[in-house]
Amino acid sequence: MSVPVHTTPPDARTSYIIDQLEGERLTIPGSKGVFRILASSKQTNGGIAVFTSGAVLSDAPGFHWHNEAHDVFLVTKGYLKLWNGDKCRIMGPGDFAYVPPKVIHNPELLGPHTETVGLVAPGDWINFFRYVAEAYKGVLVPENDDRDLGKHLMQKMMASQEDFDVNFARGYEPPEVAEGPLEPYFLRANTGPRWVLGGIVSRPFILSSQCSGKFAISSIESSSVYGAKTPLSRWLTFATVDHCFCVQEGLLRVKLQKADADAAWAEVREGQTLMVSAGEGFTLDFASRFVRVWSFTNGKGIEEMVQNAGSSYPNFIIPEEASAWDDAKVLEVGKQLDVEIADL
């Protein structure tokens, strides 16, 4: 296999696959939840950390803010109540929220079982989780952990308040749950801009231009029905940008350029995560009727290629047939993004 499969991220900036519900698994005592770190500073050159989290109904950690860290919440199962600045929303599967630095926020995972995907930038912020948590060796989440979450967090923060970019907002009066127009940092499922390049659709949750170039997140979708050749059926080498692909539906296949030319495709299935490090050539194959992958990058990545080389897409699902594309434009966009493109 051209890409190794791990249960925890390797201790280097390299390419790998993480199995479903695996990762560096941590639980904060009393939280009734688990963080599963898929990639952090060692794998992204300090840029971002990507993780999943699961929990049953429990107390929220408390209102807090960060001086420098950007926070992201994406719901995959259940519901999340998120206070975010002067707004509060109940988020369901597919909903997205972005919390910029200095904005007071507080996430509460609503039972009976909620799962989210998160990103923080810079990646070193994830060390806060490592500091306040302990290793988790159970199955899903510690539902019967009745320790006092608030007391535990306060004790930890008092012991090392200067080491981490977490500032609790004591006495804060939070807003009530509201509906109405969504703010830029809230995005309901299957809304927002869409772009198409051939049969590849990109639905950005947030672009690097919206967060000082720190990261980008997009849903990348396509189908095997269109045939093996796509605008991106080449070796793609992003010079400085790492890609973390979390497969939500279908089967994604990947091959690394450094592998033996005759090596088999590595399969990445629903729930698995593929990490492709910067400077490593790779090619992707959308290998089932519908494939939906969430792409997390520490800069302008594959989502920017689809947007800049493709066109605005008015529909809500992938097209019945792949549209024609301008190959010269794909190559030109690759040059603009410092992406080396080579034929397979």
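Each reported figure results from applying straightforward, stated rules to the coordinates on display, with no laboratory input. Nothing here was measured: the structure is a model prediction, and the numbers come from that model. In this analysis, Cβ positions are derived from the backbone assuming ideal geometry, glycine residues included, and neighbour counts consider all displayed protein chains.
Right, Gly227: closer than 29 Å to Pro122 by Cα, surrounded by fewer than 17 Cβ atoms within 10 Å (Cβ to Cβ) and not basic (Lys, Arg) or not? Spelling it out, it is not the case that Gly227 is closer than 29 Å to Pro122 by Cα, surrounded by fewer than 17 Cβ atoms within 10 Å (Cβ to Cβ) and not basic (Lys, Arg).
Is it the case that some residue within region 121-144 is among the hydrophobic types (A, V, I, L, M, F, W, C) and within 23 Å of Arg203 (Cβ to Cβ)?
Yes, region 121-144 contains a residue that is among the hydrophobic types (A, V, I, L, M, F, W, C) and within 23 Å of Arg203 (Cβ to Cβ).
Only residues that are under 17 Å from Ala69 (Cα atoms) and assigned to a loop (DSSP other than H, G, I, E, B) were counted in region 128-179, giving 7. Just one residue in the set Leu140, Leu149, Leu119 is among the aliphatic types (A, V, I, L, M), buried (at least 20 other Cβ atoms within 10 Å of the Cβ) and within 21 Å of the chain's Cα centre (by Cα); that residue is Leu119. Of all residues in region 153-174, those satisfying the criterion of being under 28 Å from the mean Cα position of the chain (by Cα) and surrounded by 13 or more Cβ atoms within 10 Å (Cβ to Cβ) are Leu153, Lys156, Met157, Phe164, Asp165, Val166, Asn167, Phe168, Ala169, Pro174. Evaluated against (1) under 23 Å from Leu21 (Cβ atoms); (2) in contact with a helix residue (DSSP H, G or I) (Cβ under 7 Å, 6 or more places away or on another chain), Asp59 falls short on exactly one condition, (1).
Screening region 278-299 for residues that are touching a Phe, Trp or Tyr at 6+ places or on another chain (Cβ under 9 Å) and assigned to a loop (DSSP other than H, G, I, E, B) and picking the one that is farthest from Val3 (Cα to Cα) gives Gly299. Test each condition in (1) of a type in the set (S, T, N, Q); (2) outside any loop (DSSP other than H, G, I, E, B); (3) touching an Asp or Glu at 6+ places or on another chain (Cβ under 9 Å) for Asn67 and report the one that comes out false. Only one criterion is unmet by Asn67, namely (2). Being out of contact with any helix residue (DSSP H, G or I) (no Cβ under 6 Å at 6 or more places or on another chain) and farther than 26 Å from Thr76 by Cα is the filter here; which residues of region 294-311 pass it? Within region 294-311, Gly310, Ser311 meet the criteria. Just to be sure, is Ala55 more than 15 Å from Ala135 (Cβ to Cβ), surrounded by 23 or more Cβ atoms within 10 Å (Cβ to Cβ) and more than 16 Å from the chain's Cα centre (by Cα)? Answer is yes for this residue.
Listed by position, the strands (runs of 3 or more DSSP E) enclosed by region 8-62 that each have at least 1 residues that are more than 30 Å from Pro174 (Cβ to Cβ) are 16-18, 24-27, 33-39. Here Leu236, Leu232 are screened, and the one residue that is within 18 Å of Ser295 (Cα to Cα), of a type in the set (A, V, I, L, M, F, W, C) and assigned to a strand (DSSP E or B) is Leu236. Can you tell me which residues in region 1-19 are basic (Lys, Arg) and touching a Gly at 6+ places or on another chain (Cβ under 7 Å)? Within region 1-19, no residue meets the criteria. Do we find that Gly85 is within 23 Å of Cys246 (Cα to Cα) and of a type outside the set (Ser, Thr, Tyr) in this structure? No: the conditions fail for Gly85.
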